[in-house]
Amino acid sequence: MTEQSPLYVIDPETLREVATDPARIQSLLNQTSQELDAAQRVALLRIGGRLEEAELLALTQLDGPSGVEKLVRQPREASSSQARWLLRLATVWQWQGAYSRADECYGAALECFTATTEPADPRTYAMDVAFAYQHYGKSLFEQGHYREAESCFAQAESLRRAHGAPQEMIDSSVLALRATRRRRANL
């Protein structure tokens, strides 16, 4: 049995996911919602360059713009699921260049996660926090805030290592740290 190539790779200069097989992504997006859940669909829409559709789907999961505003204002009232959706929406907004809106969502999601004093599943909690730091770091990186981005990537790597994340997640944090340090060295 042959192994399929990954759907995307991380560009070492931009730290964005780049589709390796756009036709395969489009084929996956043509599947029904039973075959492809909303979270997967948002990611594939974003990577496939269909940002408006990704944004609309993520907003729908958060009860629209007013739902997002409420969660950003009161992040400690957000559920973990809502915080994960804030992260997905933030990443779409980041890709659209709407950095202030994206960063508000990243901050709210991090506040939601870090307000949890006794998570039901510590490993899932740690992976959520690491994901939030990793993607907030990418937004900061794109904006040229390299010191802050480096701190986020270091947090993500530390959490991923400490909680036994898959090696590709750890490698992603290491790649981001290296790219950030290169950028800082060239300033």
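The values are calculated or read from the model by the stated rules, or taken from the named source; none is laboratory data. Quick caveat, the model's predicted, so the values are computed rather than measured. We place every Cβ from the backbone using ideal geometry, glycine too, and count neighbours over all the protein chains shown. Please note that ligands, DNA and RNA were not included when accessible areas were found on the heavy atoms of the full protein model with its side chains. Shrake-Rupley method; radii C 1.70, N 1.55, O 1.52, S 1.80 Å.
When ranked by the protection proxy of mean other Cβ atoms within 10 Å per residue, highest first, what sequence do the peptides 92-99, 9-16 form?
Ranking the peptides 92-99, 9-16 by packing returns 92-99, 9-16.
With +1 on the Cβ of every Lys and Arg and -1 on the Cβ of every Asp and Glu, and nothing else charged, how large is the dipole of segment 7-84 about its Cα centre, in debye rounded to the nearest 20?
Roughly 200 debye, rounded to the nearest 20.
Specify which labelled value, from [x] 49, 42, 31; [y] 39, 39, 33; [z] 50, 37, 27, agrees with Cα extents along the principal axes in Å derived from the coordinates of the model shown.
Read-out taken from this structure: [y].
For segment 45-141, report the accessible area per residue in Å² (1.4 Å probe, heavy atoms, rounded to an integer).
On a per-residue basis, 45 Å².
Per the helix-only calculation at 222 nm, which mean residue ellipticity applies to the chain, given -39500 (n - 2.57) for every DSSP H run of n ≥ 4 and division by its residues, nearest 500 deg cm²/dmol?
Here the helix-only value at 222 nm equals -22000 deg cm²/dmol.
Using a 1.4 angstrom probe on the protein heavy atoms only, line up His135, His163 by accessible area, largest first.
His163, His135
How large is the dipole of the chain about the Cα centre if only Lys and Arg carry +1 and Asp and Glu carry -1, each at its Cβ, rounded to the nearest 20 debye?
Roughly 480 debye for the chain.
I'd like the carbon and sulfur percentage of the solvent accessible area for segment 139-183, probe radius 1.4 Å, heavy atoms only, ligands and nucleic acids excluded.
Exposed carbon and sulfur together represent 47 percent of the surface.
Note down the net charge around Leu15, summing +1 for each Lys or Arg and -1 for each Asp or Glu among other residues with Cβ under 11 Å from its Cβ.
So the environment of Leu15 carries a net charge of 0.
Given a 10 angstrom Cα cut-off, can you work out which residue in Ala108, Ala132, Ala120 is the most mobile in a GNM of the chain?
For the chain, modelled as a Gaussian network with Cα springs under 10 Å, the answer is Ala120.
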